[in-house]
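The values are calculated or read from the model by the stated rules, or taken from the named source; none is laboratory data. Note that the structure is predicted; figures quoted are calculated from it, not measured. Every residue, glycine as well, gets a Cβ built from its backbone with ideal geometry; the counts of neighbours run over all protein chains shown. The area values use the complete protein model at the heavy-atom level, side chains included, leaving out ligands, DNA and RNA. Shrake-Rupley method; radii C 1.70, N 1.55, O 1.52, S 1.80 Å.
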Amino acid sequence: QVQLVESGGGLVQAGGSLSLSCAGSGADFSRNAVAWYRQAQGKEREFVARITSAGVTNYADSVKGRFTISRDNSKNTVALQMNSLKLEDTAVYYCFLQKIYGDFWGQGTQVTVSS
C-alpha cells in the first residue's frame, strides 16, 4: 500500500521561504512521477509541480521561477522549495502519486503566507 506523508508547512511572511517534504512508502519515488498539488480555501485543488522518474520537472505558471521540486532517492522523498512566497500561495499542499491501480494522496500540510 502506498503511503505519502507531507511535512514542513507553517506560517511565513510574504516574500519568505518554506520547504515541504513528501516521504513515501510502498512505492519507489525514483521509478514514479510525484507531484505537488494545493487547495486554497473555497477553491479547487490545483497542480503545482511534478518530477518524473527521469527527473524531468514542470511547474504551474503561477509558481514557475519561485518553486523548485526535487527528489532524494536515498530517502525516498520529494521536496518542494518555495521562495518569494505570496499571499495567494496560502493553501493546503498535497503530495500525489499515480499508479496503474490507483491514485494516492498525502494528508496535506498547511502553508499560510501572511502580509
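Dimensions of region 1-51 from C-alpha coordinates, computed as largest minus smallest value along each principal axis and given longest first, are 35, 23, 18 Å. Shown for region 44-85 is the translational diffusion coefficient from the Stokes-Einstein equation, using the Kirkwood radius over Cα pairs, a temperature of 20 °C and a viscosity of 1.002 mPa s: 194 µm²/s.
In the chain, what percent of the accessible surface is made up of carbon and sulfur (1.4 Å probe, ligands and nucleic acids excluded)?
Ligands and nucleic acids excluded, carbon and sulfur reach 46 percent.
Straightening the chain between Thr52 and Ala33 buys 6.4 nm, computed as 0.36 nm per residue apart minus the Cα-Cα spacing. Using the alpha-carbon positions of the chain, Rg (one decimal) and Dmax (whole number) come out as 13.3, 43 Å.
Mind ordering 51-60, 31-40 by average Cβ neighbours within 10 Å, highest first? Present the calculation step by step, with values, prior to reporting the outcome.
Numbers: 51-60: 13.4, 31-40: 18.6.
The densest-packed peptide leads the list: 31-40, 51-60.
What is the list of residues in region 82-102 whose amide nitrogen lies under 18 Å from a point 7 angstrom out from the Cα of Ala14, following Cα to Cβ? Counting only backbone N, you get 83-91.
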